[in-house]
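This report concerns only the one structure given below.
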Amino acid sequence: MNFKFENIVIIINENLLDIFNKYIQDDDKKKEAGGILTGLIYNDKIEICNCSIPSSYDKRSRYNFVRSKITAQEFLTTRFSISDGREIYLGEWHTHPEQIPTPSYCDVLNFRKTINTNKFYSDLFFMIIVGTKGLYIAIYNKKGKICYESLLELSKLRATS
Ligand SMILES: [Zn+2]
């Protein structure tokens with residue numbers, strides 16, 4: 001799936017959509033899920049290639065997801081070394097038990113804090129929220145300010161990629 005932000009093409013790999021699909025909260029028992037996003041940066045495009053999946057160290061409930069720092073760091077370190085230092089942290093994803101997802105106050109606060117207090121190599125960071133019918137995407141800059149927001153229909157994503 002591709003979309004354009006200013007002069008940059010943003011690519012979200014199909015394997016991420018497959019993973020999101022697995023964790024969509026489409027029945028009452030499913031808890032929130034999430035993880036970090038990693039990818040590659042080029043001059044004119046950003047490719048979000050991989051995402052971590054929930055682990056037993058995360059705190060998960062129907063309406064909340066707090067990922068473990070340890071497993072996220074492990075995932076990041078692994079991707080970084082496999083790619084010879086090219087694949088880096090690009091943001092966070094998590095699910096919501098609602099059709100059209102919007103970030104909660106805490107989601108925004110936590111995301112801003114994460115990108116403000118860490119030394120990451122990217123200038124842009126992505127927040128993805130997976131609802132049962134839609135995908136919310138926001139791009140933040142290093143100061144934690146939203147510079148792009150969009151909502152995409154899940155059923156149309158594969159057709160456009
Ligand atoms: Zn949330």
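The values are calculated or read from the model by the stated rules, or taken from the named source; none is laboratory data. All figures in this text were calculated on a predicted structure; none of them were measured in a lab. Neighbour counts run over all protein chains shown; Cβ positions are idealised from the backbone, glycine included. Side chains included, ligands, DNA and RNA excluded: accessible areas come from the protein's heavy atoms. Shrake-Rupley method; radii C 1.70, N 1.55, O 1.52, S 1.80 Å.
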Next on the checklist: Tell me the residue from Thr95, Thr38 that is of a type outside the set (D, E, K, R), within 22 Å of Asn141 (Cβ to Cβ) and surrounded by 20 or more Cβ atoms within 10 Å (Cβ to Cβ), please.
Outcome noted: Thr38
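Could you say which residue among Lys45, Lys119 is at pLDDT below 95, open to solvent by 30 Å² or more (accessible area, probe 1.4 Å), among the basic types (Lys, Arg) and away from the ligand (no atom under 14 Å from the Cβ)? Reasoning before the result, please.
Working: Lys45 fails: at pLDDT below 95.
One residue alone meets the criteria, Lys119.
Within 13 Å of the ligand (Cβ to nearest atom) and within 14 Å of Val130 (Cα to Cα), is that true of Ser104?
yes
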